[in-house]
Amino acid sequence: RPDLVLIEASGVADPRLLASKLEDTMVTLDALITVVDCEGVERALATSAAARAQVEEADFLLLNKLDLVAATEVDRLAATLAQRNPRALQLRTVQA
């Protein structure tokens, strides 16, 4: 039995659907990590229910592409994301 299984769901996968698929297996969901594209997150949140679910269900939010967005904009986005999911730990990254 493996110690760890990492499932990478590209694009706009709905984490709730993914978690429900694991319920009937021997795999336990430990954490949900969402990589947030700081350049496009506001558009995604406005247009995609799956993107909103990814942010709202995450245990960790990786705020990515910081080098492409002004620091004040990143701070504003971080505050917006914290409102949507106050329990998620936010980590700031470049090229994640």
When (1) assigned to a loop (DSSP other than H, G, I, E, B); (2) under 16 Å from Gly11 (Cα atoms); (3) charged (D, E, K, R) are applied to Arg87, the one that fails is (2)
Matching residues in the stretch 11-20 (exposed (fewer than 13 other Cβ atoms within 10 Å of the Cβ), in a loop (DSSP other than H, G, I, E, B) and modelled with pLDDT of 80 or more) number 0
If Ala50 meets every condition in (1) out of contact with any Gly (no Cβ under 9 Å at 6 or more places or on another chain); (2) of a type in the set (A, V, I, L, M, F, W, C); (3) in contact (Cβ under 8 Å) with a residue 12 or more places away in the chain apart from one, which number is that one?
(1)
Taking the stretch 25-59, which residues are at pLDDT below 90 and touching a helix residue (DSSP H, G or I) at 6+ places or on another chain (Cβ under 7 Å)?
Leu29
Answer yes or no as to whether Glu8 is part of a helix (DSSP H, G or I) and either of a type outside the set (Phe, Trp, Tyr) or open to solvent by 60 Å² or more (accessible area, probe 1.4 Å) (or both).
no
Can you tell me which residue is nearest to Leu68 (Cα to Cα) among those in the stretch 15-45 that are free of Cβ contacts under 8 Å to residues at least 40 places away in the same chain and charged (D, E, K, R)?
Glu39
Test for Gln83: is it in contact with a helix residue (DSSP H, G or I) (Cβ under 9 Å, 6 or more places away or on another chain) and not hydrophobic (A, V, I, L, M, F, W, C)
no
For the stretch 21-46, how many residues meet the condition of being surrounded by 11 or more Cβ atoms within 10 Å (Cβ to Cβ) and either among the hydroxyl-bearing types (Ser, Thr, Tyr) or not in a helix (DSSP H, G or I) (or both)?
11
Criterion violated by Leu62 - all others in (1) outside any helix (DSSP H, G or I); (2) in contact with a helix residue (DSSP H, G or I) (Cβ under 9 Å, 6 or more places away or on another chain); (3) open to solvent by less than 60 Å² (accessible area, probe 1.4 Å); (4) not aromatic (Phe, Trp, Tyr) satisfied
(2)
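The values are calculated or read from the model by the stated rules, or taken from the named source; none is laboratory data. The structure displayed is predicted, hence computed values, not measured ones. As a convention, Cβ positions derive from the backbone with ideal geometry for all residues, glycine included, and neighbour counts pool all protein chains shown. Just the protein is used for accessible areas: all its heavy atoms, side chains included, with ligands, DNA and RNA removed. Shrake-Rupley method; radii C 1.70, N 1.55, O 1.52, S 1.80 Å.
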